[in-house]
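Worksheet: the structure to be examined is printed underneath.
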Amino acid sequence: MSVRIIDKAAEKVVGVRVVGPYPQTIPQGLQQLLAWRQRYGVPFGKWLVLYWDDPAEVAPEKLRADVVISVADDFALPAGSEGVTVQTLPAGQYAVYRVRISDGDFERVWGEFYQKLLPASGYQPVEGVSYEHYLNDCEADGYFDLDIYQTVKKW
């Protein structure tokens, strides 16, 4: 298991903000976004979850995340899309860590990334976005294949 460092272009996404314990609110956000996507016929893009708070530092009921899908650069939010927002993930240097989670232990994987692999890479996190890119149909497959992204800079 290793970390790749990449230069990534900016990416436009659309999604919903959830607040509360991640294991409960992220699935709710996913269902809300799926219903919105189907209602407005928005094409499937990459599924991402953007994390704005560290569970080690923020109370569970205050944790913020955005459940989003990537969209074309010229995407315009349809009228009547209350609670859905458009944002742009910034271009820049990112550490990427590919994992398979079959036991639901996301905390262990994120801890391994931040405490072991990222420091050993010669890069450090910088203020910005960290997120998961889901690579498979997790419900159908019974496991999660995902890439974890974190904005970084060289030590």
Quiz item: Looking at (1) within 14 Å of residue 83 (Cα to Cα); (2) loosely packed, with under 14 Cβ neighbours inside 10 Å, can you tell me which one residue 36 breaks?
Solution: (2)
Quiz item: Does segment 6-19 contain at least one residue that is in a helix (DSSP H, G or I), within 22 Å of residue 106 (Cβ to Cβ), free of Cβ contacts under 8 Å to residues at least 60 places away in the same chain and among the hydrophobic types (A, V, I, L, M, F, W, C)?
Solution: no
Quiz item: Given (1) exposed (fewer than 11 other Cβ atoms within 10 Å of the Cβ); (2) under 17 Å from the mean Cα position of the chain (by Cα); (3) not charged (D, E, K, R), where does residue 51 come up short, assuming only one miss?
Solution: (1)
Self-check item: So residue 140, is it farther than 16 Å from residue 4 by Cα, modelled with pLDDT under 95 and either of a type in the set (A, V, I, L, M) or open to solvent by less than 20 Å² (accessible area, probe 1.4 Å) (or both)
Solution: yes
Quiz item: Taking segment 111-137 as the search range and keeping residues that are in a helix (DSSP H, G or I) and open to solvent by less than 40 Å² (accessible area, probe 1.4 Å), which one is farthest from residue 91 (Cα to Cα)?
Solution: 111
Practice problem: May I ask you to list the residues in segment 52-87 that are assigned to a strand (DSSP E or B) and among the polar types (S, T, N, Q)? | Solution: 70, 85, 87
Practice problem: Provide a single number: the residues in segment 63-101 that are open to solvent by 80 Å² or more (accessible area, probe 1.4 Å) and under 19 Å from residue 15 (Cβ atoms). | Solution: 6
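The values are calculated or read from the model by the stated rules, or taken from the named source; none is laboratory data. Quick caveat, the model's predicted, so the values are computed rather than measured. All Cβ positions, even for glycine, are placed from backbone atoms using ideal geometry, and neighbour counts span all protein chains on display. For the accessible areas, the whole protein counts, side chains as well, though only heavy atoms, and no ligand, DNA or RNA atoms are used. Shrake-Rupley method; radii C 1.70, N 1.55, O 1.52, S 1.80 Å.
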